[in-house]
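Undergrad: Here's a structure for you.
The values are calculated or read from the model by the stated rules, or taken from the named source; none is laboratory data. Since this is a predicted model, take the numbers as computed values, not measurements. Cβ placement follows ideal geometry from the backbone for every residue including glycine, while neighbour counts extend to all protein chains displayed. When the accessible area is computed, the model is the full protein with side chains, heavy atoms only, and any ligands, DNA or RNA have been set aside. Shrake-Rupley method; radii C 1.70, N 1.55, O 1.52, S 1.80 Å.
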Amino acid sequence: MPASRIRRLATPVGVMAAVVGAFGYVGAVDPNQPGHYPLCPLLRFTGIYCPGCGGLRSAHAVAHGDIAAALGSNALAVVGYAAFAVLWTVWTVRAARGRPMSIAAKPVVWWGIGAVLLVFSVVRNLPFGSFLAP
């Protein structure tokens, strides 16, 4: 493999190494056991689940191949993991071909993502949405 291709792939490979390391750590240090990770400040002080609550338990379940448990802990996080995998793959392929990667989403996309996070947060804190709570 030419040196220029190796150089182009260094960043996406480095990012994946960091992600694998983070998932490896969360897979080894169980967030279901108290005392390993800090509590979510929003949950601690208000009793309200934020969009990230259950994310570590979700990552732990993914690291152990238990997708059903991951979805039960934080379904939105699992969607985020899948989106990351797709974007990382596109990024790596483009880098290998020498084409730059840019994520130039229109404001409506970012507002849409914010709206999904807000709706997810509200619904998981209501009685009918308790199935989304961690």
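Undergrad: For a Förster distance of 25 Å, can you work out the FRET efficiency between the beta-carbons of ARG44 and THR11, rounded to the nearest 0.05?
TA: 0.10
Undergrad: Give me the percent of accessible area attributable to carbon and sulfur for segment 8-100, probe 1.4 angstrom.
TA: Numbers: 3870 of 5540 Å².
The computed percentage sits at 70.
Undergrad: OK, next. What Kirkwood Rh does segment 75-134 have if only Cα atoms enter the pairwise 1/r average? Answer in Å.
TA: Details: mean 1/r = 0.0728 Å⁻¹.
It works out to 13.7 Å.
Undergrad: Please name whichever of ALA75, ALA104, GLY55 sits farthest to the positive end of the charge dipole of segment 11-120, dipole taken about the Cα centre and charges placed at Cβ: Lys and Arg +1, Asp and Glu -1.
TA: Checking the options against the dipole of segment 11-120, the answer is ALA104.
Undergrad: Further question on the same structure: Under the √(5λ) rule applied to the eigenvalues of the Cα gyration tensor, what semi-axes describe the equivalent ellipsoid of the chain? Give them in Å, descending.
TA: 32, 20, 12
Undergrad: While we're looking at this one, here's another question. So what is the calculated 222 nm ellipticity per residue for the chain, using -39500 (n - 2.57) for each DSSP H run with n of 4 or more, over all residues, to the nearest 500 deg cm²/dmol?
TA: -22500 deg cm²/dmol
Undergrad: What relative contact order, as a whole-number percentage, does the chain give when Cα pairs under 8 Å and 6 or more residues apart are counted?
TA: Answer for the chain is 28 percent.
Undergrad: On to the next question. Solvent-accessible area per residue for the chain at a 1.4 Å probe radius, Å²?
TA: 66 Å²
Undergrad: Take ASN32 and LEU118, extend 7 Å from each Cα along the Cα→Cβ direction, and tell me the distance between the two endpoints in nm.
TA: Result for the modelled spin labels: 3.5 nm.
Undergrad: Then there is this: Between ALA96 and ALA18, what length comes free when the chain is fully extended (0.36 nm per residue of separation minus the Cα-Cα distance, one decimal in nm)? Before the final figure, lay out each step's value.
TA: On the way: separation 78, 0.36 × 78 = 28.08 nm, distance 1.94 nm.
26.1 nm is the gain from fully extending ALA96 to ALA18.
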